[in-house]
Amino acid sequence: MKTLHDTGVLFGRLMRHILRSPDTIITVAITPIAIMLLFVFVLGGAIETEGSYVNYLVPGILLIAIASGIAYTALRLFADVKNGLFERFQSMPIKRTSLLWAHVLTSLVSNAVSMVLIILVALAIGFRPSAGVLAWLAVAGILVLFTLALTWLAVIAGLTARSAEGSSAFSYPLVFLPFISSAFVPTTTMPAAVRLFAENQPVTSIVNTLRSLLGSQPVGSDIAIALAWCVAITVVAYLCAMRAYRRLG
Amino acid sequence: MTDAVIQVTDLQKSFTGKKGARTAVLKGVYFEVRRGEIFALLGSNGAGKTTTVRILSTVLKADGGSAQVCGYDVARQADKVRERISLTGQFAAVDGMLTGRENLLLIARLRGVADPANLADGLLERFGLAGAAHRRADTYSGGMTRRLDIAMSLVGSPTVLFLDEPTTGLDPEARLAVWQTARELADGGTTILLTTQYLEEAEQLAQRIAILHDGRIIANGTLGELEELLPPAKEEYVIRRPTLEEVFLAIINAQQGGVAGQGGTVWQGGAAEQGGTTRQSDAIRQDATARQDGATMQSSATRQNSAYPDRRAVL
Ligand SMILES: Nc1ncnc2c1ncn2[C@@H]1O[C@H](COP(=O)(O)OP(=O)(O)OP(=O)(O)O)[C@@H](O)[C@H]1O
Ligand SMILES: [Mg+2]
């Protein structure tokens with residue numbers, strides 16, 4: 001109970017941060033939206049996919065947004081550690097896990113807001129998902145799991161970084177991953193070596209699953225692989241984050 | 001059962017440096033703080049004051065030895081200790097994105113205080129922050145930030161308060177205000193462990209003073225007891241006119257933060273007080289200005305080289 005209460009209070013504090021600097025959410029949403037517009041209206045004409053290209057593109061854009069959104073989680077955590085607030089909290093009778101969970105919850109909520117913004121823009125430019133309620137719930141669930149996995153990575157970065165830049169730099173390669181996946185172009189068009197990588201990295205299975213769910217197609221074995229990736233990354237990152245957390249003291 | 005509220009026995013701590021070498025910071029520290037007293041831990045930069053305070057406030061684990069606060073072991077019964085203490089770290093730990101009032105409310109809610117709003121308003125009033133209550137804390141001046149920081153530490157009326165260099169970087173007026181608060185708290189029964197680089201501060205506030213040097217407590221007692229430890233040569237020092245070289249060194253020292261000479265300067269100040277009255281006040285005033293400069297420079301210097309997360313990352 002105490003844990004829930006403390007997490008709630010600390011979560012409220014971080015949400016206030018976000019409300020007071022809404023630019024963090026907007027910045028997170030704007031780059032993926034720009035990439036989406038670029039691909040749909042400029043480059044997409046040259047890319048052959050089944051069905052409309054916006055429908056093809058949206059899942060990858062969402063993942064890019066999450067990958068860049070969690071950089072702010074790392075940054076917020078780093079700031080807390082750096083300016084001594086974390087130390088103050090650690091000397092108080094607060095459940096220790098609450099400190100991290102508050103940041104994790106904040107990450108989930110702020111990324112969810114970015115997702116909604118992006119989906120609204122996508123709808124405006126012709127995104128037409130045929131998914132039913134259940135499929136949408138599944139989409140939301142997978143997005144949450146993916147956010148959770150990357151957020152725990154961000155926690156490691158936030159706790160161990162030496163500088164603010166360093167704390168968010170880890171997200172650059174993550175933002176890049178969707179480009180070497182099935183997110184923008186079908187992997188069949190890629191050279192063998194790249195294709196091998198693209199087809200076996202987490203983003204491809206997640207993108208394919210989301211795309212199938214949104215288009216009311218059968219998800220096949222992709223969903224199992226996608227879930228396995230998300231859970232595996234979450235577990236490993238969580239354990240490493242907890243270790244980094246204990247090392248602080 | 002003694003009336004020791006803080007009991008530190010053979011405390012040891014070393015840190016791993018950049019090249020993997022271990023540096024011992026605390027090499028067996030012993031001291032006791034009694035109920036309701038102000039105890040000053042005096043030491044120069046890097047002596048290990050902050051390290052000691054962080055261990056006692058359960059933020060950092062010691063490598064060896066033991067420490068009890070209110071009868072509870074800081075390592076094994078950290079939760080019990082945390083319910084009874086409050087930490088005001090070396091650098092103010094306030095949330096700049098929140099207003100002063102919100103900062104206090106935050107801590108009050110986390111501590112489960114019965115009427116957070118009432119408590120927050122009372123503290124804002126008491127610390128002269130009522131007018132700035134609804135301004136974001138990152139717009140506060142250094143002195144206001146420190147006051148808010150200390151106010152946050154008083155939420156929940158802790159039995160033991162750790163004040164790590166509470167007046168470094170403050171102007172004389174703000175310093176006096178902090179001293180006043182510390183005295184009031186001690187009068188109200190709060191036990192205070194204060195760290196400082198300045199003998200004057202220890203002298204003003206503390207019933208007992210311990211000097212931390214090279215990882216050990218090299219002196220511990222009341223001011224009177226400590227003064228007896230001073231070499232008799234001190235009288236000579238006052239009477240002898242300073243040479244030009246000494247004046248020069250003193251000025252340079254003051255400008256550079258006086259880190260190395262700090263201990264020396266302070267003790268001389270103490271000795272000077274036994275001289276004539278005029279000289280005494282001059283000496284103190286001079287000393288105070290020198291310290292003022294020193295303090296400002298030191299705090300910015302420490303800020304740079306003690307980016308704690310950096311160090312933590314090496315751990
Ligand atoms: N987390 C850490 N990692 C590595 N070294 C550390 C760490 N914390 C402290 N140190 C080192 O331990 C020594 C003592 O530091 P500490 O901060 O306790 O000194 P201090 O007496 O508080 O000094 P100051 O007056 O400058 O605040 C310093 O040499 C410092 O560099
Ligand atoms: Mg210190």
Requested in this report: Mind giving me the nanometre distance, one decimal, between the label points for A:Arg128 and B:Ser141, set 7 Å out from Cα along Cα→Cβ?
Outcome: 6.6 nm
Query - Neighbouring partner chain Cβ atoms per residue of B:86-93, average, 10 Å criterion - result: 5
**Report entry** Extension gain (nm, one decimal) between B:Ala24 and B:Gln207, 0.36 nm per residue minus Cα-Cα
**Finding:** 63.0 nm
Report summary line: For B:Glu37, the residues 5 or more places away or on another chain with a placed amide H closer than 5 Å to its own amide H are B:Ile192
Requested in this report: Work out which GluC sites (Glu not before Pro) in chain A are exposed loop sites (DSSP not H, G, I, E or B, at most 15 other Cβ within 10 Å) and give the longest gap free of them.
Outcome: A:51-249
Query raised in the report: If you average the sequence gap of Cα pairs under 8 Å that are 6 or more apart and divide by the length of the stretch B:182-224, what percent do you get for the contact order?
Result: 26 percent
Query - Highest average packing first - A:119-132, A:66-79, Cβ atoms within 10 Å - result: A:66-79, A:119-132
Query raised in the report: Put a dot 7 Å past each Cα toward the Cβ at B:Ile251 and A:Phe179; how far apart are the dots in nm?
Result: 5.9 nm
**Report entry** Paramagnetic reach from A:Ser52 (point 7 Å along Cα→Cβ, amide N under 20 Å) across the stretch A:178-192
**Finding:** A:183-186
Query raised in the report: With each run of n ≥ 4 DSSP H residues scored as -39500 (n - 2.57), what mean residue ellipticity at 222 nm is computed for chain A after dividing by its residue count and rounding to the nearest 500 deg cm²/dmol?
Result: -25500 deg cm²/dmol
Report summary line: Quick shape check on the stretch B:96-207: root eigenvalues a ≥ b ≥ c of the Cα gyration tensor, a/c under 1.5 is rounded, otherwise prolate if a/b tops b/c, else oblate, and it reads oblate
Report summary line: Listed by chain and number, the lysines with an alpha carbon less than 23 angstrom from that of B:Lys61, same-chain partners under 8 positions apart left out, are A:Lys82, A:Lys95, B:Lys13, B:Lys18, B:Lys19, B:Lys27, B:Lys49, B:Lys80
Requested in this report: Would you work out the relative contact order for chain A, in percent, from Cα pairs under 8 angstrom that are 6 or more residues apart?
Outcome: 26 percent
Query raised in the report: Simple spin-label model, 7 Å along Cα-to-Cβ: B:Thr222 to A:Leu120 in nm?
Result: 7.1 nm
**Report entry** Other-chain or far-sequence residues with amide H under 5 Å of B:Thr99's (modelled H)
**Finding:** B:Ala137
Query raised in the report: Given H placed on each backbone N at 1.01 Å, which residues far from B:His213 in sequence or on other chains put an amide H within less than 5 Å of it?
Result: B:Ile218
Requested in this report: Given the options A:Val42, A:Val231, A:Val81, state which has the largest fluctuation in a GNM of chain A using a 10 Å cut-off (strictly under) for Cα springs.
Outcome: A:Val42
Query raised in the report: Taking Cα pairs under 8 Å and at least six residues apart, what relative contact order does the stretch B:1-111 come out at, in percent?
Result: 25 percent
Query raised in the report: Once phi is turned into ³J(HN,Hα) by the Karplus curve 6.51 cos²θ - 1.76 cosθ + 1.60 with θ = phi - 60°, what whole-Hz value does each residue of the stretch A:170-182 show in order, with x for glycine and proline?
Result: 4, 7, 4, x, 5, 5, 7, 3, x, 5, 9, 8, 7
Report task. For the stretch A:154-169, take each phi angle, set θ = phi - 60°, evaluate the Karplus expression 6.51 cos²θ - 1.76 cosθ + 1.60, and give the result in whole Hz per residue in order, putting x for glycine and proline. Result -> 4, 4, 4, 4, x, 7, 10, 5, 9, 8, 4, 4, x, 5, 9, 4
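Values quoted throughout were computed directly from the atomic coordinates according to the rules given, and no laboratory measurement underlies them. For clarity, every value in this text was computed on a predicted model and none was experimentally measured. Neighbour counts run over all protein chains shown; Cβ positions are idealised from the backbone, glycine included.
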